[in-house]
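Contents: one structure, followed by commentary.
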Amino acid sequence: ERANLMNMMKLSIKILIQSALSLGRTLDSDFPPLQQFFVVLEHCLKHGLKVKKTFIGQNKSFFGPLELVEKLCPEASDIATSVKNLPELKTAVGRGRAWLYLALMQKKLADYLKVLLDHKHLLSEFYEPDALMMEEEGAVIVGLLVGLNVIDANLCLKGEDLDSQVGVIDFSLYLKETQDSDGKQDGGITAVLDQKHYVEELNRHLSCTVADLQNKIDCLEKTNSKLQEEVCVWSTDRIGSLQEEQQQLKQQNELIRERSEKSVESRQGLDEMYSDVWKQLKEEKKIRLELEKELELQIGMKTEMEIAMKLLEKDTHEKQDTLVALRQQLEEVKAINLQMFHKSQNAECSLQQKTEAISSFEGKTNEMMSSMKQMEE
């Protein structure tokens, strides 16, 4: 959106300057290129505005940032006073439009907006971080506005219905006309407008897809960290308990050996004691072997869990790379033409495969969770 608005501003300023120089006269408010320039500029100033809730309802006007100019630049006090003294202005939108008219007539519009851009910490109260006025496109537009100082504008604010004007961009002013005797001009304009609507819809679709992937990656990262913590704690506790049991068995074996040595001194009941001790020793060895096998099994399962965690981290990084690639693709789509239709189909197939990969990854995660519950049982 920022790039589109910046390009529209370039076209509107270019056509306005060319039209004014070709006419060689002072422009008035009825001049169509001048009207379209103010419409495009209004869209630029509205981009990324924060919605402020009041007792009446929601207020979203670009006049709020423009009021800061009076505090930052004393030269703009005359404009602010003139706007406040116009009784026919009832809304903030109308006051903002009147302010832009007066600033253009003073040939100070670029200077005043540059003052706002130099104090972005104040603009953050009115705009979102990704708004046009907060990014580099705003500085480019202010630089383009300097070129308007070569024209003279004589705009009469009295009698103008600035409150209820509908700011709609007329794209027909910026489309190059072609000489075609068969009347194909309207078809070309319609095709260009259809292309623009398609690209905008594709941009919105990709933006939603990127947001969904980012949310899924965040959830996977949180789940991955929880799984790692739970596996580490569970493995540590289990290994500690097995080691304690092994130590207890060793102590019992020592006691049995000591008893056997003492019983050897007495010849009475030697055969019976030897047989009992031998049976008990076999049972203890059998128990010890079973415990050692279980310990080895737990250690192997811990190793498998660590490998699974590494695979999860690798898959997460791949999803992040995919997210970066999608963002780059989103930036490139803004400058394409109708040929992007075939490429978008390939991109949708790729996104579907990645979605299936994410679904399979979630299935693997669920299987791991179920296996962990079984291990805990």
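Out of all the residues in the range 25-45, which are under 41 Å from the mean Cα position of the chain (by Cα) and either open to solvent by 10 Å² or more (accessible area, probe 1.4 Å) or of a type outside the set (A, V, I, L, M, F, W, C) (or both)?
Hits for the range 25-45 are S29, F31, P32, P33, Q35, Q36, F38, V39, E42, H43.
Could you tell me whether Q328 is out of contact with any Cys (no Cβ under 6 Å at 6 or more places or on another chain), surrounded by 14 or more Cβ atoms within 10 Å (Cβ to Cβ), assigned to a helix (DSSP H, G or I) and free of Cβ contacts under 8 Å to residues at least 40 places away in the same chain?
No, not satisfied.
What number goes with the only condition from (1) over 33 Å from the mean Cα position of the chain (by Cα); (2) of a type in the set (V, I, T); (3) closer than 20 Å to S29 by Cβ that V93 does not pass?
Only one criterion in (1) over 33 Å from the mean Cα position of the chain (by Cα); (2) of a type in the set (V, I, T); (3) closer than 20 Å to S29 by Cβ is unmet by V93, namely (1).
So, E137, is that one in contact with a Lys or Arg (Cβ under 9 Å, 6 or more places away or on another chain), of a type in the set (D, E), modelled with pLDDT of 85 or more and surrounded by 20 or more Cβ atoms within 10 Å (Cβ to Cβ) or not? Show your work before the answer.
Working: in contact with a Lys or Arg (Cβ under 9 Å, 6 or more places away or on another chain): yes; of a type in the set (D, E): yes; modelled with pLDDT of 85 or more: yes; surrounded by 20 or more Cβ atoms within 10 Å (Cβ to Cβ): yes.
So E137 fits the description; yes.
Considering only the range 338-348, state which residues are part of a helix (DSSP H, G or I) and open to solvent by 70 Å² or more (accessible area, probe 1.4 Å).
Those that are part of a helix (DSSP H, G or I) and open to solvent by 70 Å² or more (accessible area, probe 1.4 Å): F341, H342, K343, Q345, N346, E348.
Taking the range 247-274 only, how many residues are surrounded by 11 or more Cβ atoms within 10 Å (Cβ to Cβ), at pLDDT below 85 and of a type in the set (S, T, N, Q)?
The number of residues fulfilling the criteria is 3.
Return only the number of the condition from (1) open to solvent by less than 60 Å² (accessible area, probe 1.4 Å); (2) among the charged types (D, E, K, R); (3) at pLDDT below 85 that R97 does not satisfy.
(3)
From the set of residues in the range 226-246 that are free of Cβ contacts under 8 Å to residues at least 40 places away in the same chain and open to solvent by less than 50 Å² (accessible area, probe 1.4 Å), which is farthest from Q329 (Cα to Cα)?
S241
Quick one: which residue in V83, V150 is open to solvent by 60 Å² or more (accessible area, probe 1.4 Å), farther than 20 Å from I169 by Cα and in the same structural domain as I169 (by the TED database)?
V150
For I358, are the conditions met, namely being open to solvent by 50 Å² or more (accessible area, probe 1.4 Å), assigned to a helix (DSSP H, G or I) and aliphatic (A, V, I, L, M)?
no
The values are calculated or read from the model by the stated rules, or taken from the named source; none is laboratory data. As the structure is a prediction and not an experimental result, all values here were calculated from the model. We place every Cβ from the backbone using ideal geometry, glycine too, and count neighbours over all the protein chains shown. To get the accessible areas, we keep the full protein, side chains included, count just its heavy atoms, and leave off ligands, DNA and RNA. Shrake-Rupley method; radii C 1.70, N 1.55, O 1.52, S 1.80 Å.
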